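Structure, as structure tokens:
The values are calculated or read from the model by the stated rules, or taken from the named source; none is laboratory data. All values reported here derive from a predicted model rather than from experimental measurement. With ideal geometry, Cβ positions are generated from the backbone for all residues, glycine too; neighbour counts draw on all protein chains shown. The area values use the complete protein model at the heavy-atom level, side chains included, leaving out ligands, DNA and RNA. Shrake-Rupley method; radii C 1.70, N 1.55, O 1.52, S 1.80 Å.
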Amino acid sequence: MIKAGSLIIKRIVNSFLLLFLLATFVFLLLRAAPGDPVSKYISPTLHPQLAENLRDSFGLNESALSQYIDFITETFTGNLGISFNYRVPVASVIMEFLPFTIMLALLSFSLQMMIAIYFSLKAAGKKGSKRDKFISETSLLIYALPSFFIGVLLIYLFSELAGIFPSSGVKSFSYDEMNILEKLADIIKHLILPLITLTVTGAAVMYRYLRTNMDEVFNSGYVMYLRSNGVGEKEIIRKHILPNSISPLIAVAGIELGILLSGTLITEVIFGLPGMGRLTMMAILQRDYPLVTGCALVSGVLIVMSNFIADLVKYKLDKRLLAKGILD
Amino acid sequence: MKQIRYLLLLTCVILIFPGCGSEQKKSALVIGISSDPESINALYAFSGNEINITEILYPSLIQMDWDSVKGALAVSPLLADKFVWGKNSLSVDVHLKKGITWSDGKELTADDVIFSFDLFSDPLVQSRLYGIFKNFRTDENLKILPESFRKINKYAFTVFFREKSNPSLIDLDLPVLPKHIYEGIKRDNIVYAEKEIKPVLCGPFLLKAWNKNQSVVLVKNPKSFLVNEKTPDEIIFKVVPDYNSRITQLKNNEIDLAEDIKTDDVEELGKYKNIVLGYVKGREYDYAAWNNIDPVEYSADKKIKENNLFGNAEVRKALTLGINRFEIVKDYLLNYGEAASSPVSPVFKDSYDENIRPYPYDPYAAREILKSEGWRDIDNDGILEKGNIEFSFTLNIPSGNPRRDFTAALIKNNLRMIGIDLQIEPIEPSVFFEKMFNRELNAWIAGWSIPVPQYYKTYWYSNLEEAPFNAAGFMNRQMDSLLIIIENEKDSPEKDEHYKEMQAIFYEQNPVTFLFWIDNIVAYNSRIKKIHITPLGAVHHIWEWETDD
């Protein structure tokens, strides 16, 4: 227990250092990159002095060191600076997009895990059968499909042709006039297509990982021992093969969750969703330095957290990892 | 199987659930936009969508319409009732319509208007109109001086313009803000306080909801004199970032209007009975710029030295003759546009000289001109030389723009045929424009959206400090004189003649190669009535629109 506690403290300290380095790196990279944050204020219809005044108020005329000190101070106060475009603290801009991203990411991630486990169990139950082959081939096909293709195809089939689901947005315009059940149904209806787009590829990846691990465990000595002792196949799969196959999947799941939490730009653009991916992209294109750094920092925190959680789950499943120092 | 059955059942429940059917309310009009507004405060509405929205929320003293017969702007009172000009035309009495109220019940008065001018011109506020009050009396920080206004009564005031200025009613085109809301906020804090500022409005529509990155919902203001029973109950600006999704939603009646339709989609959309197509003509053109001055010398120490490739007007004329702009109009724009000969748009009927036609595509004439200017293929490598200079250069384009990609490829092929070699180099847009405005590029393709009313000085005046958008470094004394005359001239037949003289200079000098005018194709649902698509735009005076519903 003591070792587990010190491990957590060590990981937290390391994570803070990592995030500090990440934020500094992004800060430096942005200042070194070409492009002018006030370029959108340079227009024949605007007075040239306006851009100069804005440059001044954004602190861009100050030295890089002074800007860096301001940035660090703002980061520690929790504001993460003032967005050049939105003119409000970066933290409050991010908070308008982050909850939706977290909700979508967690939903998609849970579905991915459930689908991967469900189909792995189904396929492993009848190894080498037609069903097994069909699931494996289908997962490979889905794995090869780019998410924009899946998204556009779903919109074409279910929005344009069938007219069942809305093709973009999170809720209807009449949302505020709906009762609670209608609101729930409305949101589900809007989220079904984006969720399918986000989930199927990830589920296919996870299925393939899990299925390969299961194959390895399937032929191990202790499984054969259990079989020879008359333990049922279903019980062997659920109680022995699955828990022993899932550990390598956890690492992949940690990365996948991190990616989902950082925003899924293509899905967000296709379905017009207010997520972190679009926010980050717009901030980069408009050279909104504080917002880009803030988005990078938040994404970094989410990726570090999801990997940390994945490691804790791995430790929970296999305590020998702690002794091997693999989680350090 | 059980689980799958449950999933199917759940899906069915969702599909038949009450209230889940039609997304769109009948009395609402939905306009599809590609990005979320960053601000819906009239002070900070910089983008086209932001201006479209704030124009509805915060009306101006005047209303600008397009007179399609004359091909010119027509200005009429909106919040104002009438204008009475002083004898010297340097002052005007503004009489407001009585009985206009803000959404919190307070009456709109002359104080609000005077306060708005003060607010918009204040450098601390950093509004989008800062510094543009050229005809007003301003201080050294370009803030309008208090003596520019004299209140006559609650509903009337006089504006005193600067001596030797050339004012018009267009100078009074300013969104009016509620004084009682803004006067309590520190000026330099207004920009950071959008969320805290209560949206007190007086437009034909009021703000109902702003769902970030989703939609801006406006609801009809029954107290406004601009609406009637046929005016839609709601106007919704829906953010649909993906172009293809906008087209799908247009076909499915999820949105009612979308702009910037690609020419490839026009035929397909034309097949839909619920969709009508309209065209905003003559507001945007693309050009191929040949830097008239040496970019290296200028970047180093702002030294003006003639560009050894493009400094000569005859060479630039040869380049224009050597580019088949008509092919781009036909093959890429599918004739939704026309070849250009100058930045003066054909939509300004009185100012446009129809006798000045775009140069034809004539590679033989181009070769002859280049030959007469001393450019010959001395070493027989297919590229022209003059002395030890080879006619070879880099053509920069902003990346991610298929039209510019197509145009650049065509220019490369066309110019290769007359012995000119060029390499196409796409640059990320933000970097591209920074380099362009710093005059670091040698040749590039870009475009301008022309201002209405016409204004050219900032693009073509020789003093490069005063003309930041003269990125090609064009310098011509005749042009300078005309630009100054036009700036100080009221609209008149003489002024139109001066515009025509300008066109003649553009035709002779070819400061850049004016490529083509591009139509902004607008698709909208046939249930929208009384929509007027003019050079001023499609989403304009939206309160005049009506629906069948």
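Failed condition for A:VAL26, given (1) within 23 Å of B:GLU428 (Cβ to Cβ); (2) more than 14 Å from chain B (Cβ to nearest Cβ); (3) in a loop (DSSP other than H, G, I, E, B), with all others met?
Result: A:VAL26 fails condition (3) only.
Which of the following residues is free of Cβ contacts under 8 Å to residues at least 12 places away in the same chain and either in contact with a strand residue (DSSP E or B) (Cβ under 7 Å, 6 or more places away or on another chain) or under 30 Å from A:GLY272 (Cα atoms) (or both): B:ALA80, B:ALA74, B:ALA42?
Working: B:ALA80 fails: free of Cβ contacts under 8 Å to residues at least 12 places away in the same chain; B:ALA42 fails: free of Cβ contacts under 8 Å to residues at least 12 places away in the same chain.
Of B:ALA80, B:ALA74, B:ALA42, the one residue that is free of Cβ contacts under 8 Å to residues at least 12 places away in the same chain and either in contact with a strand residue (DSSP E or B) (Cβ under 7 Å, 6 or more places away or on another chain) or under 30 Å from A:GLY272 (Cα atoms) (or both) is B:ALA74.
Can you tell me which residues in the range A:148-172 are part of a helix (DSSP H, G or I) and at pLDDT below 85?
Within the range A:148-172, A:GLU160 is the sole residue that qualifies.
Does A:ILE42 satisfy the condition of being modelled with pLDDT under 90, open to solvent by less than 80 Å² (accessible area, probe 1.4 Å) and either over 30 Å from A:LYS314 (Cα atoms) or facing chain B (nearest Cβ under 8 Å) (or both)? Walk me through how you get there before you give the answer.
Values: modelled with pLDDT under 90: yes; open to solvent by less than 80 Å² (accessible area, probe 1.4 Å): yes; either over 30 Å from A:LYS314 (Cα atoms) or facing chain B (nearest Cβ under 8 Å) (or both): yes.
So A:ILE42 passes the test.
Every residue, every condition in (1) acidic (Asp, Glu); (2) in contact with a helix residue (DSSP H, G or I) (Cβ under 7 Å, 6 or more places away or on another chain), yes or no:
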position	(1), (2)
B:ILE486	no, yes
B:ASP491	yes, no
B:TYR507	no, no
B:VAL512	no, no
B:ASP519	yes, no
B:ALA523	no, yes
B:LYS530	no, yes
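Which condition does B:ARG439 not pass, out of (1) within 26 Å of the chain's Cα centre (by Cα); (2) modelled with pLDDT of 95 or more, if it passes all the others?
The single condition B:ARG439 does not satisfy is (2).
Run down B:GLU368, B:GLU354, B:GLU327 and say which single residue is assigned to a loop (DSSP other than H, G, I, E, B) and assigned by TED's automatic domain parsing to the domain that holds B:LEU422.
Result of the check over B:GLU368, B:GLU354, B:GLU327: B:GLU354.
In the range A:123-156, what residues are of a type in the set (Lys, Arg) and touching a residue at least 24 places away in the same chain (Cβ under 8 Å)?
A:LYS127
Would you confirm whether any residue within the range A:196-207 is of a type in the set (Phe, Trp, Tyr), more than 10 Å from chain B (Cβ to nearest Cβ) and surrounded by 20 or more Cβ atoms within 10 Å (Cβ to Cβ)?
So far as the range A:196-207 goes, yes, one or more of its residues are of a type in the set (Phe, Trp, Tyr), more than 10 Å from chain B (Cβ to nearest Cβ) and surrounded by 20 or more Cβ atoms within 10 Å (Cβ to Cβ).
As an exercise: evaluate B:LEU422 against (1) within 14 Å of chain A (Cβ to nearest Cβ); (2) surrounded by fewer than 20 Cβ atoms within 10 Å (Cβ to Cβ) and give the number of the one condition it does not meet.
Every listed condition holds for B:LEU422 apart from (1).
Can you pull out the residues in the range B:190-245 that are closer than 26 Å to B:ASP122 by Cα, within 11 Å of another protein chain (Cβ to nearest Cβ), open to solvent by 20 Å² or more (accessible area, probe 1.4 Å) and in contact (Cβ under 8 Å) with a residue 12 or more places away in the chain?
B:GLU194 - this is the single residue of the range B:190-245 that is closer than 26 Å to B:ASP122 by Cα, within 11 Å of another protein chain (Cβ to nearest Cβ), open to solvent by 20 Å² or more (accessible area, probe 1.4 Å) and in contact (Cβ under 8 Å) with a residue 12 or more places away in the chain.
Determine if the range B:328-339 includes at least one residue that is more than 14 Å from chain A (Cβ to nearest Cβ), buried (at least 16 other Cβ atoms within 10 Å of the Cβ) and closer than 27 Å to B:ARG527 by Cβ.
Within the range B:328-339 (the criterion being more than 14 Å from chain A (Cβ to nearest Cβ), buried (at least 16 other Cβ atoms within 10 Å of the Cβ) and closer than 27 Å to B:ARG527 by Cβ), the answer is yes, since at least one residue qualifies.
Which is within 14 Å of another protein chain (Cβ to nearest Cβ), open to solvent by less than 40 Å² (accessible area, probe 1.4 Å) and under 23 Å from the mean Cα position of the chain (by Cα), of A:LEU80, A:LEU98, A:LEU60?
A:LEU98
When you scan the range B:161-187, how many residues do you find that are within 14 Å of another protein chain (Cβ to nearest Cβ) and under 28 Å from the mean Cα position of the chain (by Cα)?
The total comes to 3.
Looking at B:ASP260, B:ASP264 in this structure, which one is open to solvent by 20 Å² or more (accessible area, probe 1.4 Å) and in a loop (DSSP other than H, G, I, E, B)?
Going through B:ASP260, B:ASP264 in turn, the sole match is B:ASP260.
Can you tell me which residue within the range A:66-105, out of those that are of a type in the set (Gly, Ala, Ser) and in a loop (DSSP other than H, G, I, E, B), is modelled with the highest pLDDT?
Among those residues, the one meeting the criterion is A:SER83.
Can you list residue pairs whose Cβ atoms sit under 7 Å apart, with the first residue in the range B:288-308 being under 27 Å from B:LEU410 (Cα atoms) and the second being open to solvent by less than 90 Å² (accessible area, probe 1.4 Å) and part of a helix (DSSP H, G or I)? Count only pairs 6 or more apart in sequence or on different chains.
What qualifies is B:ALA288/B:ILE411; B:TRP290/B:ARG316; B:TRP290/B:LEU319.
In the range B:166-189, what residues are surrounded by 15 or more Cβ atoms within 10 Å (Cβ to Cβ), in contact (Cβ under 8 Å) with a residue 60 or more places away in the chain and touching a strand residue (DSSP E or B) at 6+ places or on another chain (Cβ under 9 Å)?
Answer for the range B:166-189, where residues must be surrounded by 15 or more Cβ atoms within 10 Å (Cβ to Cβ), in contact (Cβ under 8 Å) with a residue 60 or more places away in the chain and touching a strand residue (DSSP E or B) at 6+ places or on another chain (Cβ under 9 Å): B:PRO167, B:SER168, B:LEU169, B:LEU172, B:ASP173, B:LEU174, B:PRO175, B:VAL176.
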